[in-house]
Amino acid sequence: MRELKPEFEKILDTIVNTLGDVDGRAFVRDVWTKEPGGTLEGGGTTCILEGGEVFERGGVALSDVRGKALPPSATQRNPHLAGKPFRAVGVSLVMHPKNPNVPTSHLNVRSFRTEDGSAWWFGGGFDLTPYFHEVEDEQHWHQVCRETCEPHGGAAMHEKLKADCDTYFTLKHRQERRGLGGLFFDDLNESHPFGGDFERCFGFTRSVAQAFLKAYVPLVHRRKDQPFTEAERAWQLHRRGRYVEFNLVWDRGTHFGLQSNGRTESILMSMPPHATWRYGEPPDMTDRMRGLLDRVRVSA
């Protein structure tokens, strides 16, 4: 198995440079290293953009860490790997726009392997969290998802990864999906229905990372200058609260980072700079707001 960190560094640089150009402000890079001798060693680069013209906060992070034992979030589905030393390399991203007409979006691509070489797998995906349901935006997003899967597993692969995304990004305590979905995969290796050898699985993982910009950037350009009201801004903050709930309560990546003694500042870069919680739904909901709720609520 070849060294993948340089490949993930290329992914990081492409995304940071492209989204920095979209905003007009460069990301600030924070290179960090874990102190040796702890439960987690290694380091990474966290790139942050705050208070930009387009993005209120954006974070793109690369991590390359080694641990003495896989944490519970990584062994829940693979209990036979409990206690094994591991290495994890990956890139994660969350972009929180200023304008509520622009969706929030998330990307993660990652590689895990046990240090003894007995197991390896890839995971990741990207998903869209809009504040209003725009049909043409959703159609574009899922068209890119279909095109990404086509060379690797065709329609059947897209159908599975789309369904897995909807299932994973659900706030079970509210019976709501976080947004409009996208692609989600985990445990991608030789035993996965759409997996294969190491190079094939990494090839798909890299394709997902490359497709993210094709899926997201056109939506940003389409919506970033669209006018909005104070009520729509308040709605954005209200829905951001749901985003925080998911990341802290359900997200396995957040749990993995915290359980493995990862770098807290980088783990929580995904949090929006502003969010609100109120008792019940806002009383002055518009048709646009109700349309989004109709789309994300899970049928009983």
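Readers should treat all values here as calculations from the given coordinates under stated rules, not as data from a laboratory. None of these values were measured; they are calculated from a predicted model. Cβ atoms come from the backbone with ideal geometry, glycine included; neighbour counts cover every protein chain shown.
Points worth noting:
- Whether segment 171-231 is rounded, prolate or oblate, judged on the alpha carbon gyration tensor where a/c under 1.5 counts as rounded: oblate
- Here the simple spin-label model places points 7 Å from the Cα toward Cβ, and for GLU9 and ASP294 these points are separated by 5.1 nm.
- Within the chain: Cβ-based charge dipole about Cα centre, in debye rounded to nearest 20 (Lys, Arg +1; Asp, Glu -1): 480 debye
- Residue-span extension gain [THR39 to LYS68] - 0.36 nm each, minus C-alpha spacing: 9.8 nm
- Peptides 268-280, 57-69, 115-127 ordered by average Cβ neighbours within 10 Å, highest first: 57-69, 115-127, 268-280
- Neighbourhood net charge (12 Å Cβ-Cβ; Lys/Arg +1, Asp/Glu -1) for THR14: -1
- For segment 285-290, 3J(HN,Hα) per residue [Karplus equation, 6.51 cos²θ - 1.76 cosθ + 1.60, θ = phi - 60°, Hz, x = Gly/Pro]: 6, 9, 4, 5, 5, 5
- Inter-label distance for GLU50 and LEU258, nm, one decimal - labels placed 7 Å from Cα along Cα-to-Cβ: 2.0 nm
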